[in-house]
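These notes concern the structure reproduced below.
The values are calculated or read from the model by the stated rules, or taken from the named source; none is laboratory data. Values in this document were obtained by computation on a predicted structure and should not be read as measured data. Glycine gets a Cβ as well: all are built from the backbone with ideal geometry, and neighbour counts include every protein chain shown.
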Amino acid sequence: MIKNFPTPEDFGKLAQDCLNQAFDVIFDTDKHVYEFYEEALQSEVWEYSQGKLNTAVVLIHQAIEAFMKASICLTSPLLLLEGKRTEWPVMPKQKDKDFNDFYTTPSESLLYTYVATLSRKIDEALVNHIDEIRRLRNQIVHGIPKKKLEPKYLILKVLETHLFFRSKDSWWDSQIESHFNHPLAQYYDATFEFARFAERLDYVEAQIGKSKLAANFTFNIKGRRYLCPVCKGWYEAEAGDEYTHRWAFLKASRKVSTIVQCLNCANETEIVRQNCPYEDCKGTVLLNTDESECCLTCGREIYWPEGYKEAPQVAGSPYDPSIGHVQFDYLTSPNSLIKGNVDNLNE
Ligand SMILES: [Zn+2]
Ligand SMILES: [Zn+2]
């Protein structure tokens, strides 16, 4: 008999691994260059590092093949075997043979088997996508590649591969899974790393633009953005600097929404809808807990003047939250509402 048949899950996992590696090769090289140097130097770095981008193409190609094999296995992994069926060791007294010891379908035929086993008509855009990556990969593996590769192009191809073979959210879910299920994850500060993981969202958005990134999420990322209180707390508990990634959004609601949801950490936090007291900030989403009060738009902490909280917040009064920015007598500049000033005034 034939032993050790692969499963759709085996190939699915392999495909996700390859795409994560392709993305990481680009992101790990580009993040420092992209943050600290001008565009001309960034291109110079990538001209020098074409080998890394070539590796990303090979990985994307391998991912596409693995996705097709995963789909074929749903019908039968036997469809992946080449050669005569009369050579299959399935008769009595024949010696077992491992699936991996058989010749399997070559690249070009794989697409045909894949399409034949689909229960729907294949999208022409998908055929073009597969063909584009196959040609590129062949140039890299068998010849001298003519196309000068750029990170933006390959990031798009990683995301498109997820969209074609899986669905929205697949890219982000598999990034999170591969980094936080890592055996060493328990040895590093997972909450800090999780908060910082949002830099990948910033990076991809800067590379491919908001609408192309939005196509990869069921979450609507086109709305107004806020700091996530959970990510901000996790990050600032460890780091000396402020948290700057804004990936929280107001949860859709029929009335006024009082919850922000974070795309990065997936947490939901209750917030207060009130104007930020800093005059230079138009924020209306404040975090108000026993430990901290801050504006989730500008990120500054809020220290209300003594008595403010107890004052009746009725319509028309100076404390009416709906009338605009609270006018405190001693606020002469937006930056005056800092802890030192208020503490001094309260003394
Ligand atoms: Zn968060
Ligand atoms: Zn503010």
*Pair list, Cβ under 9 Å, 6 or more apart: segment 251-271 residue more than 22 Å from A215 (Cα to Cα), other residue among the acidic types (D, E) and more than 8 Å from ligand 1 (Cβ to nearest atom)*: T258/E270; I259/E268; I259/E270
*Given the conditions (1) over 42 Å from the mean Cα position of the chain (by Cα); (2) surrounded by 11 or more Cβ atoms within 10 Å (Cβ to Cβ); (3) among the hydroxyl-bearing types (S, T, Y), which single one is not true for T75?*
(1)
*Please verify whether segment 46-57 includes one or more residues that are closer than 19 Å to G12 by Cβ and touching a residue at least 40 places away in the same chain (Cβ under 8 Å).*
no
_Taking the condition of being away from ligand 2 (no atom under 16 Å from the Cβ) and within 23 Å of E205 (Cα to Cα), how many residues in segment 251-277 meet it?_
10
*Go through segment 223-250 and give me each residue that's touching a residue at least 24 places away in the same chain (Cβ under 8 Å), within 16 Å of ligand 2 (Cβ to nearest atom) and surrounded by 20 or more Cβ atoms within 10 Å (Cβ to Cβ).*
Y226, L227, C228, P229, K232, A248, L250
*Can you name the residue in segment 274-283 that is free of Cβ contacts under 8 Å to residues at least 60 places away in the same chain and closer than 12 Å to T297 by Cα and is also nearest to the chain's Cα centre (by Cα) among such residues?*
G283
*asked:* Can you go through E132, E108 and tell me which one is without any contact (Cβ under 8 Å) to a residue 40 or more places away in the chain, surrounded by 10 or more Cβ atoms within 10 Å (Cβ to Cβ) and part of a helix (DSSP H, G or I)?
replied: E132
*Among the residues of segment 73-102, how many are part of a helix (DSSP H, G or I), under 26 Å from V115 (Cβ atoms) and of a type outside the set (D, E, K, R)?*
9
*Could you list, in sequence order, all residues of segment 268-283 that are within 16 Å of ligand 1 (Cβ to nearest atom) and crowded, with 16+ Cβ neighbours inside 10 Å?*
T269, I271
*Taking segment 284-300 as the search range and keeping residues that are over 28 Å from the mean Cα position of the chain (by Cα) and charged (D, E, K, R), which one is farthest from ligand 2 (Cβ to nearest atom)?*
D290
*Please enumerate the residues belonging to segment 246-268 that are modelled with pLDDT of 95 or more and among the polar types (S, T, N, Q).*
Q261, N264, N267
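Matching residues to (1) within 16 Å of ligand 1 (Cβ to nearest atom); (2) at pLDDT below 95; (3) more than 17 Å from E242 (Cβ to Cβ):
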{"position": "P183", "(1), (2), (3)": "no, yes, yes"}
{"position": "Y188", "(1), (2), (3)": "no, yes, yes"}
{"position": "K210", "(1), (2), (3)": "no, no, yes"}
{"position": "A214", "(1), (2), (3)": "no, no, yes"}
{"position": "T218", "(1), (2), (3)": "no, yes, yes"}
{"position": "C228", "(1), (2), (3)": "yes, no, no"}
*In segment 144-155, how many residues are within 14 Å of D30 (Cβ to Cβ), touching a residue at least 40 places away in the same chain (Cβ under 8 Å) and not basic (K, R)?*
5
*Search result, residues across segment 197-207 that are surrounded by 18 or more Cβ atoms within 10 Å (Cβ to Cβ) and either without any contact (Cβ under 8 Å) to a residue 40 or more places away in the chain or over 17 Å from D173 (Cα atoms) (or both)*: Q207
